[in-house]
Each structure stands twice: as structure tokens, then as C-alpha cells.
2 protein chains.
Amino acid sequence: MAGTFVNEALIGKKDGAGELATPALVIDLPAFERNIKTMAEHCARAGLTLRPHAKTHKCAEIARRQIAAGAVGICCAKLGEAEVMADAGIENILLTSPVVLPRALDRLMALNDRIPDLHVVIDSEENARALEAAAEKAGRPLNVLVDLDIGLHRTGIAPEAAPALARFADGAKHLRFKGLQAYGGHLMHIEGFAERREKSLAAMDVMKSVKDALEKEGILCPIMTGGGTGTFDIDPEANVLTELQGGSYIFMDKQYNDVEGANGNVPFETALYVQMSVISNNTPRLATTDAGFKSFATDAEPPLLRSGAPEGASYFFFGDEQGGILLPKGESLPLGAVLTAVTPHCDPTVNLYDAYHVVEEGVLTAIWPIEARGRSA
Amino acid sequence: MAGTFVNEALIGKKDGAGELATPALVIDLPAFERNIKTMAEHCARAGLTLRPHAKTHKCAEIARRQIAAGAVGICCAKLGEAEVMADAGIENILLTSPVVLPRALDRLMALNDRIPDLHVVIDSEENARALEAAAEKAGRPLNVLVDLDIGLHRTGIAPEAAPALARFADGAKHLRFKGLQAYGGHLMHIEGFAERREKSLAAMDVMKSVKDALEKEGILCPIMTGGGTGTFDIDPEANVLTELQGGSYIFMDKQYNDVEGANGNVPFETALYVQMSVISNNTPRLATTDAGFKSFATDAEPPLLRSGAPEGASYFFFGDEQGGILLPKGESLPLGAVLTAVTPHCDPTVNLYDAYHVVEEGVLTAIWPIEARGRSA
């Protein structure tokens with residue numbers, strides 16, 4: 001059994017989705033496909049390139065579907081993730097975090113040799129010099145973007161220092177300066193639309209001023225990349241970005257569902273959930289499921305029950321391997337009862353699983369491996 | 001690069017541990033070996049069988065080392081975990097959670113055919129009847145233990161209902177009743193020793209009373225299994241268990257390090273940590289590392305810095321992919337600086353990684369795959 005996917009035998013079986021070995025990560029295919037289409041159409045309408053972040057899904061099949069729907073390529077957060085995507089045939093990748101360790105630079109150059117369109121961000125001259133030396137040694141130029149810190153302080157260079165770094169990259173023999181990246185991670189989950197809009201536009205103004213300063217010197221920024229699911233409907237208005245990086249829009253999660261869109265609601269649907277089963281029910285008003293800390297990300301609130309439990313029931317973490325379902329008075333759940341829950345935070349939940357179970361009207365239609373799961377190095 | 005372990009080329013290299021692609025999960029081999037030996041000697045001295053819980057490490061090499069040091073076999077939390085361990089040659093496994101889904105029963109019977117010593121717990125007559133039917137159909141008897149609820153209410157049957165279930169199992173043609181399991185998960189992390197001892201002994205008394213009642217009827221309980229790292233020095237005193245299930249003692253973590261032992265200190269050492277590297281440092285008193293929500297369990301407090309950072313520095317989660325190091329005034333960390341941190345909670349942290357990096361005096365001596373990672377179904 002080990003080494004293959006335990007639920008493979010259920011593919012195509014009528015009502016087979018109800019029989020999955022659990023916990024299982026499940027994609028609601030119609031909702032997922034609508035999300036892919038909605039974002040692609042949104043970007044096309046706004047005249048923006050879409051480059052979805054693959055750190056959300058870590059799955060080559062999903063990357064291929066995003067590209068087929070119009071995306072130019074993908075973003076990857078880590079080198080190991082990008083290597084796996086390149087292995088799977090993805091040819092246009094932007095690495096959105098700096099790559100700094102000496103051995104990682106060797107891997108980066110090998111990747112640059114393997115795919116036609118690799119881009120990587122830089123946020124310091126020290127790193128830019130190291131990349132220049134590595135690209136010279138490798139004998140192939142490397143595309144770079146300057147990562148701007150627009151207030152998150154996680155990666156990126158301060159706006160006032162950015163022009164000097166861009167100038168350095170533009171003048172470096174083996175680097176090709178391609179533009180700017182800015183990600184306002186601190187803005188994505190501001191729940192009210194008006195406040196999120198105001199702060200996002202201010203941050204985008206900063207990015208624009210850096211671009212304007214560079215263009216005055218004759219340094220062009222053909223790629224202006226950034227944004228996320230939380231600002232997808234604000235970014236076009238700023239008229240600064242050429243490229244949107246949203247990731248979570250394909251799945252959505254509890255965190256993003258709490259965020260309010262321009263028209264009151266975000267047009268993306270929840271398309272990802274975890275299916276679990278009751279394995280013990282000896283205590284009144286309590287059922288124990290087979291999904292705990294190892295089956296849901298725990299950096300946000302607990303999972304939100306979606307199906308299989310009576311109104312008023314709630315999930316709580318019951319250790320590494322199990323979850324508890326707190327039931328209203330008089331209610332119980334039988335052994336083997338199947339429940340689903342919306343993930344609190346989709347990206348780190350996905351990172352726990354080896355595969356997606358793709359479900360359409362109760363039928364498991366495919367299993368998609370999550371090839372880049374755990375590729376954080 | 002994908003498909004093999006990215007750090008393999010460093011095995012045996014002088015000071016190679018400092019060059020690991022990060023984030024990387026690292027075992028301090030001497031400390032780990034002392035932990036294995038300390039627990040094995042403790043059990044031998046107390047006349048107890050050791051059956052360590054493999055849900056902590058999910059690694060066949062570690063299971064083999066535990067067995068070589070005297071353990072009778074291992075515990076597994078999930079069927080998928082047990083299947084992987086059986087594939088790797090482990091022949092004596094106790095499944096510590098009930099197995100209830102119909103397709104899972106088929107897999108359980110297949111596993112029972114493959115290894116000589118499989119045991120599984122039951123906590124309801126409904127489940128016992130299903131196992132009896134499955135074992136009859138498979139044509140091979142199944143060893144079962146009755147799981148007792150001693151206060152956690154997660155799995156297990158109430159003590160007053162346990163004798164009837166044991167009687168049913170003992171009388172079932174295709175089940176072999178082997179004894180009782182009780183796990184006081186709610187007791188493991190009580191920080192003060194006196195309180196933990198008092199509550200644990202009371203819980204063990206409950207287990208003993210069920211055993212005594214059964215033995216009066218002539219139903220023997222040769223296996224009395226339970227306990228954990230938090231009560232390893234209390235359980236022998238209770239004189240109820242025949243078998244200890246501790247898991248975390250091999251690695252320890254921040255949670256267990258806060259627990260006080262009988263002699264003031266627990267004799268187990270921290271032997272597991274996460275190595276990470278600084279990838280950005282543009283903001284004063286702040287450095288950004290490459291390890292975030294996808295590299296540490298987040299169900300407990302943040303990771304505790306162990307090496308590489310100045311006194312007074314602390315780690316905070318900086319999103320899915322990164323961590324922040326808050327530095328004392330006047331301090332900074334260079335790009336590429338290597339830090340290590342003690343994991344907040346070892347089990348779910350291990351479940352994020354595909355391999356252990358085994359380090360001895362700065363040398364990476366081996367990479368052990370975590371074969372059962374993610375096998376929660």
C-alpha cells in the first residue's frame with residue numbers, strides 16, 4: 001500500500017468520495033475551476049499579467065492549469081519548489097525570495113540553465129554581487145528583480161535604497177535587470193475593504209515612485225510584480241503593477257473568506273477542504289475524528305466544519321492525530337461518519353499532504369500529487 | 001535535484017553541517033543515542049517492556065535502533081504509518097487508535113497477514129464486531145486490546161463499560177484479547193512533578209481495577225500498555241503497566257523540556273532541532289530566516305533559538321516561508337548566517353520534513369528518510 005496513493009482504487013467510483021481513507025485533502029473541482037477562470041478573466045480585463053504563486057498549491061498539474069488559463073508562468077517561494085516545478089515542465093518561474101547560501105547559488109545557476117525564463121529577486125548589493133559572480137562562472141545571464149520593502153520588513157530593500165541596487169543590477173554584466181517586486185503581506189488580511197484599499201494604494205505609490213526615478217535614468221522596469229488574493233481588486237486601480245502574484249484565490253480558506261471585497265464579497269469560492277471520519281464516540285456530545293495537528297495548519301483559528309456535522313457543532317484540536325467535534329445537546333455522530341472542514345489557512349495545510357483528491361459531484365475523478373510538498377529548502 | 005535529498009553531497013564533509021540547504025531538520029546523534037539508551041535502561045531496570053511510539057519519528061531507521069536497544073516493537077498512531085513501518089521490516093506493531101472505516105478494515109487485515117505481531121485497540125463493541133467479521137473473512141485471528149478512557153475522552157471506553165467489551169473480545173472467535181491500553185495525554189505536560197504523579201497514579205489505579213475485575217473472571221491481560229515521556233518515571237511506581245509507549249523522549253522539545261522530573265530534571269536531552277539561514281537583513285535589529293509556518297509546528301509557542309544568534313535574540317513566525325529574528329540593540333546577523341532552534345513540539349514538526357540530517361561534531365554523517373511522514377490516513 002505504501003508508496004502509492006491509498007485512495008487510487010476509488011477513482012471513478014460512484015459516490016466514491018464518501019469512502020476516502022481519511023484525513024484526505026479534497027478539491028471541489030467545479031469551484032476550483034471557476035476560481036481559476038475568474039482570476040484569469042479579471043487579469044485579462046485589467047490588462048495585467050497573471051503569475052500565480054505556486055507556494056499555495058505546490059502541484060505541477062495546478063500550475064499547468066493556471067498557465068493554460070492564461071498565466072504567464074508561476075511564482076515559487078523556495079528554490080526546492082522551483083526545481084520540482086521545472087522537473088515537471090514549468091518553464092517560466094519567478095523566485096520571490098532571495099537566494100543567498102553558496103550551495104544554493106550553484107543550484108540556482110543549474111536551474112537557470114534548465115528553463116528559459118527564470119527570474120529571481122534581490123534585496124541587497126551583497127547578494128547581487130554574489131549572483132553576478134555565480135552567473136559569470138556559469139556563463140549564462142540571470143534575470144533579476146529588485147524586491148522592495150513596502151512596509152512588511154520581511155524581505156526587500158527600503159525604497160530610498162532601491163535605485164542604487166537597481167542601478168548596480170542594470171550595470172552588472174551577467175545580470176539582466178527586469179523590474180521591481182513588492183508584496184504587502186501585512187495588507188492582505190485587513191478585513192475592511194476601504195482601509196485595505198487606502199493602505200494598498202499608498203504602498204503601490206511608493207513602488208511607482210521608485211520606478212519613475214529609475215525610468216528618468218533610462219532604466220526600464222518591464223516587470224512590476226506583486227499583489228495577492230487580498231488586493232486583487234485594488235491592484236489594477238493603482239496602475240503600478242504589470243503582474244499579479246495571487247496564490248490563495250484557487251482554494252480560499254477561512255482567513256481569506258473573512259476578507260471583504262470591493263462589492264462586498266470576494267468572487268472566489270472555497271474549493272479546498274479536509275475530509276475526516278469519526279473514529280470514537282463514547283463520550284456524550286463529543287465525537288473524535290482522525291484529523292488533528294498533523295492534518296490542519298495550526299497558525300490560524302481551528303478549522304470550520306462544512307459538512308457532516310449537525311448545526312451548532314464545532315471542531316477543536318485534540319492532539320497530533322485527532323480532532324474533537326463538540327456537539328449540541330442531544331446530538332451524536334456514528335462511528336465512521338464522514339465530515340469535511342474548511343482549512344483555516346490553505347498554504348501550510350496543503351504542505352501537510354502528498355496529494356489532492358479531486359472531487360466532482362461525489363465522484364473522485366483524479367488524484368494530483370503535491371510534488372513540491374515540503375520543498376522549503 | 002528533485003527526488004533525491006538536496007544535502008546528500010555533504011555527507012562526511014568536514015564542517016559540512018554548517019553548509020546544509022535550509023530549513024533542515026537535524027538530529028544531534030550523540031544526544032539522541034543517549035536518549036535511546038537512557039529509556040531502554042530505565043525500562044529494563046523497572047522490568048517494563050518498551051514499545052516506543054513511532055508517531056514521533058515516523059522513521060524506520062529510528063524504529064530499528066529502538067528495537068536494537070531493547071524495545072519489543074513500536075506503536076503507530078495510524079494505519080498508513082503502520083503500513084510503511086511494515087514495508088520497512090518492522091514486525092511488531094501496536095496500532096494505538098481504533099480503525100473503523102470499511103476500506104481501512106481491509107487494509108488492516110492485509111497488514112495482519114504481512115507481519116507476525118500486529119495488535120490494534122478497540123473502544124466499542126460496534127468496532128469489535130466489525131473487526132471480528134473482518135478477521136473471520138480474512139481467515140486469520142487479530143490481536144486486540146481494549147482502549148480505556150482514563151480522563152482524556154479522546155478515544156477509549158469508560159472504565160465501567162470496559163469489562164463487557166473485554167469479555168466480548170475474549171469470547172470472539174477471530175479476535176485474541178491481549179489486554180488494556182490507557183493513555184493519559186492530559187497528564188503528560190503537567191509541569192509540576194508532584195501533581196503529575198498524583199493524577200497519574202490515580203489514573204493508573206482505574207486501569208488496575210479494570211484488570212483486577214477481568215482477572216477475577218479468568219480473563220487475563222498480559223499486555224497493559226500506555227504511559228508517555230511525561231510519566232516515564234511515575235509509571236513504574238504504579239505497578240500497573242507492563243509496557244511503556246513514550247515517543248518524544250528520543251528528541252525532546254520545548255514543551256517537554258518545561259516538564260519537571262522526579263529528580264528535578266528529566267534525564268532526556270534535546271536531540272532535535274531545525275537549522276535555518278538568514279536570507280535578508282535590511283531592517284535594523286531584524287533578520288529574516290528561511291523557516292516559517294511550513295518548517296515548524298505552530299500548535300505550541302514559537303521555536304526557541306539554540307545557536308547562531310546573539311544572547312537576547314528571539315524568533316517569531318514571519319509567515320509561511322520565513323521567520324524573523326528580533327535582535328538586541330546594536331546587534332545584526334549577516335546574510336547566510338546559520339541558526340538553529342529547538343522545536344516547540346517535536347511530533348508535528350517532524351511531520352513537515354522528508355528526512356533527518358544526522359549530525360555528529362559538525363559532520364553530517366547520514367540522512368534518514370522519514371518514510372511515514374504525512375501517513376495520517
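Given Cβ point charges of +1 (Lys, Arg) and -1 (Asp, Glu) and nothing else, what value in debye, to the nearest 20, does the dipole of segment A:29-257 about its Cα centre take? Walk me through the numbers before you get to the answer.
Details: 27 positive and 31 negative charges, 89 e Å.
Approximately 420 debye in magnitude.
With the crude spin-label approximation of a point 7 Å out along Cα→Cβ, what separation in nm comes out for B:Asn265 versus A:Glu33?
Modelled inter-label distance: 6.3 nm.
Placing +1 at every Lys and Arg Cβ and -1 at every Asp and Glu Cβ, with all other atoms neutral, what dipole size does the protein assembly as shown have around its Cα centre, in debye to the nearest 20? Kindly include the intermediate steps, with their values, before the conclusion.
Working: 70 positive and 100 negative charges, 181 e Å.
It comes to approximately 860 debye.
Would you work out which of B:Ala203, B:Ala69, B:Gly228 lies farthest towards the positive end of the dipole of segment B:29-257? Charges go on Cβ: Lys and Arg +1, Asp and Glu -1.
Selected residue: B:Ala69.
Do any of A:Lys55/A:Lys294; A:Lys137/A:Lys178; A:Lys137/B:Lys294; B:Lys55/B:Lys254 go past 25 Å between their Cα atoms, and which?
Table pairs above 25 Å Cα-Cα are A:Lys137/B:Lys294.
Remind me, what semi-axes does chain B give for its equivalent ellipsoid, largest first in whole Å, using sqrt of 5 times each Cα gyration tensor eigenvalue? Don't skip to the end; give the middle numbers.
Working: eigenvalues 328, 105, 61 Å².
So the equivalent ellipsoid measures 41, 23, 18 Å along its semi-axes.
Please report the antiparallel percentage of DSSP beta bridges with both residues in the protein assembly as shown, rounded to the nearest 5. It would help to have the intermediate numbers written out before the result.
Working: 56 of 118 bridges.
Around 45 percent of the beta bridges assigned by DSSP in the protein assembly as shown are antiparallel ones.
At 7 angstrom along the Cα-to-beta-carbon line, where would the label on A:Pro302 sit relative to the other copies? Give the distances in nm, shortest first.
Relative to the other copies, A:Pro302 has label-point distances of 2.6 nm.
Given the C-alpha centroids of segment A:177-252 and segment A:85-163, what is the distance between them in whole angstrom?
19 Å
So, counting K/R as plus one and D/E as minus one, what does the shell of residues with Cβ under 15 Å around B:Ile11 add up to? Working shown, then result.
On the way: positive: A:Arg103, B:Lys13, B:Lys14; negative: B:Glu8, B:Asp15, B:Glu19, B:Glu61, B:Glu360, B:Glu361.
Summing Lys/Arg as +1 and Asp/Glu as -1 gives -3.
Please list the non-local residues whose amide H lies under 5 Å from the amide H of A:Gly247, H modeled 1.01 Å from N, same-chain partners needing a gap of 5 or more.
A:His53, A:Thr229
For the pair B:Asp205 and B:His174, what calculated FRET efficiency results from E = 1/(1 + (r/R0)^6), where r is the Cβ-Cβ distance and R0 = 22 Å, to the nearest 0.05? If you can, show how the numbers build up before the last one.
On the way: r = 33 Å, r/R0 = 1.49.
After rounding to 0.05, the efficiency reads 0.10.
Neighbour counts of other C-beta atoms within 10 Å: give me B:Phe318, B:Phe32 arranged from fewest to most. Walk me through the numbers before you get to the answer.
Numbers: B:Phe318 22, B:Phe32 25.
Ranked by crowding around the Cβ, least crowded first: B:Phe318, B:Phe32.
Identify the GluC sites (Glu not before Pro) of segment B:49-132 meeting these criteria: DSSP loop state and at most 16 other C-beta atoms within 10 Å of the C-beta. Please report the intermediate quantities before stating the final value.
On the way: sites: B:Glu61, B:Glu81, B:Glu83, B:Glu91, B:Glu125, B:Glu126, B:Glu132; in loops: B:Glu91.
Answer by residue number: B:Glu91.
Could you please report the charge total around A:Ile367, scoring K, R as +1 and D, E as -1 over all other residues with beta-carbon less than 12 angstrom from its beta-carbon? Working shown, then result.
Values: positive: none; negative: A:Glu8, A:Glu61, A:Asp354.
Within the 12 Å Cβ shell, the charges total -3.
In debye to the nearest 20, how big a dipole does segment B:21-115 give about its Cα centre with +1 on each Lys and Arg Cβ and -1 on each Asp and Glu Cβ?
On the way: 12 positive and 10 negative charges, 41 e Å.
Dipole size: approximately 200 debye.
Considering only the label points, 7 Å along Cα→Cβ from Cα, what distances in nm to one decimal separate B:Ala213 from the same position in each other copy, shortest first?
Result for B:Ala213, in nm, nearest copy first: 7.8.
How far is B:Arg103 from itself in the other copies, in nm, if each label sits 7 Å out from Cα along the Cα-Cβ line, shortest first?
3.9
How large is Rg/Rh for the protein assembly as shown, to two decimals, with Cα atoms and a Kirkwood Rh? Please report the intermediate quantities before stating the final value.
Working: Rg = 26.9 Å, Rh = 27.1 Å.
Rg/Rh: 0.99.
Explain nothing, just the number: relative contact order of segment A:8-162, from Cα pairs under 8 Å at least 6 residues apart, as a whole percent. If you can, show how the numbers build up before the last one.
Numbers: 187 pairs, mean separation 20.8, N = 155.
For segment A:8-162, the relative contact order is 13 percent.
Go ahead and run the numbers for FRET between B:Ala194 and A:Leu220, Cβ-Cβ distance against an R0 of 51 Å, rounding to 0.05.
Details: r = 71 Å, r/R0 = 1.40.
Here the calculated transfer efficiency is 0.10.
Which trypsin sites (Lys or Arg not before Pro) in segment A:137-198 sit in a loop by DSSP (not H, G, I, E or B) and have at most 10 other Cβ atoms within 10 Å of their own Cβ?
A:Lys173
I need to check one value: relative contact order of chain A, counting alpha carbon pairs closer than 8 Å and at least 6 residues apart, in percent.
On the way: 822 pairs, mean separation 81.4, N = 377.
RCO, chain A: 22 percent.
Based only on the alpha carbon positions, what is the Kirkwood hydrodynamic radius of segment B:122-196, in angstrom? Let's see the in-between values first.
Details: mean 1/r = 0.0751 Å⁻¹.
About 13.3 Å for segment B:122-196.
Which FRET efficiency, nearest 0.05, do A:Arg114 and B:Glu311 yield, Cβ-Cβ r, R0 41 Å? Each step should come with its number before you reach the end.
Details: r = 44 Å, r/R0 = 1.06.
According to the calculation, E is roughly 0.40.
Okay, helix-only estimate at 222 nm for chain A: each DSSP H run of n ≥ 4 adds -39500 (n - 2.57), divide by all residues, round to 500 deg cm²/dmol; what do you get? Working shown, then result.
Working: 10 runs with 110 residues, N = 377.
One gets -9000 deg cm²/dmol as the mean residue ellipticity at 222 nm.
What does the charge add up to near A:Glu311, with Lys and Arg as +1, Asp and Glu as -1, over the other residues with Cβ less than 15 Å from its Cβ?
Working: positive: A:Arg285, A:Arg306, A:Lys329; negative: A:Glu331.
My count for the surroundings of A:Glu311 gives +2.
Rule-of-thumb check for segment B:194-267: C-alpha Rg over 2.2 N^0.38 Å? Write down the numbers at each step before the final one.
On the way: Rg = 14.0 Å, N = 74, 2.2 N^0.38 = 11.3 Å.
Compactness ratio reported: 1.24.
Could you please point out the chain A residue with its Cβ nearest to the axis of the rotation taking chain A onto chain B, and the distance in whole angstrom?
Whole-Å result, nearest residue of chain A to the axis: A:Thr298, 2.
Past the 27 angstrom mark, what percentage of all C-alpha to C-alpha distances in segment A:3-139 do you count?
Values: 3444 of 9316 pairs.
The answer is 37 percent, as a whole percent.
Using the eigenvalues of the Cα gyration tensor, what equivalent ellipsoid semi-axes result for segment B:258-376 when each is taken as the square root of five times the eigenvalue, whole Å, largest first?
25, 19, 15
Read the figures in this text as sums done on the coordinates, not as results from a lab. The structure presented is a predicted model; accordingly, all values stated were derived computationally and were not measured. For neighbour counting, all protein chains shown are included, and Cβ atoms are generated from backbone atoms with ideal geometry for every residue, glycine included.
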